[in-house]
Amino acid sequence: MVSSALLALYPACTAQSRERRGGSDIPDLTAGSGAMLPQAGAAGEGGAFGEAGEAGAGGAPVVTPPVTWCAAYQVITCVCQQCHQNPPVNHAPFPLLTYADTQVPYPYATSKKKLWQEMQTAVTSGYMPYMGIEDPPVAPPVQPLSDERKTTLLTWFAEGAHDEGGQECPMTCDWTKGPPDGGE
């Protein structure tokens, strides 16, 4: 009953369903849809997701490329690895040095949830990066996530935390040698 009520609210779905039941070809649901992907959070761009009204040449919706692993890794090396080193510092529970580190089951080896999903929760809630202002304090003080870096990570998570673009990325910030110059 509920499904028929929902279909009544969305007549386009009903039409497609009838078309498929009628034995005709399966409709191309991507034709002309211009699927919107989250933006990579590049400097000067808006929020984490493309605006529905954006249009490119010929009025087609703008489709942004997915966030690459290297873009996410830059944030991880310059922010997360302040504590998530090997060995971890400031009571961080695990290192985040490689793409594989983000993909391990969490919190147990038999868990279906992946570590990147826990990272997504921690960043979304604002719990991470832990600034250590209260108890327990962290030293040296932890640098916060900029809005741009937060958008990059959250978009990468929203896209499924894939290794788009490959896993060979330069280490932008090496915290094991002390804080990088300029916090970058």
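The values are calculated or read from the model by the stated rules, or taken from the named source; none is laboratory data. Note that the structure is a prediction, hence the values are computed from the model and not measured. When we count neighbours, we look across all protein chains shown, and the Cβ atoms used for this are built from the backbone with ideal geometry, even at glycine. Quick note on the areas: whole protein, heavy atoms, side chains included, nothing else; ligands and nucleic acids left out. Shrake-Rupley method; radii C 1.70, N 1.55, O 1.52, S 1.80 Å.
Numbers for the structure displayed
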| quantity | calculated |
| --- | --- |
| Selection count where residues are within 14 Å of Leu145 (Cβ to Cβ) and among the small types (Gly, Ala, Ser), scope the stretch 72-124 | 2 |
| Considering residues of the stretch 133-172 that are closer than 28 Å to Lys113 by Cα, charged (D, E, K, R) and assigned to a loop (DSSP other than H, G, I, E, B) only, the residue most open to solvent (accessible area, probe 1.4 Å) | Glu168 |
| Test: residue in the stretch 81-100 that is modelled with pLDDT of 50 or more, assigned to a helix (DSSP H, G or I), among the hydroxyl-bearing types (Ser, Thr, Tyr) and in contact with a helix residue (DSSP H, G or I) (Cβ under 8 Å, 6 or more places away or on another chain) | yes |
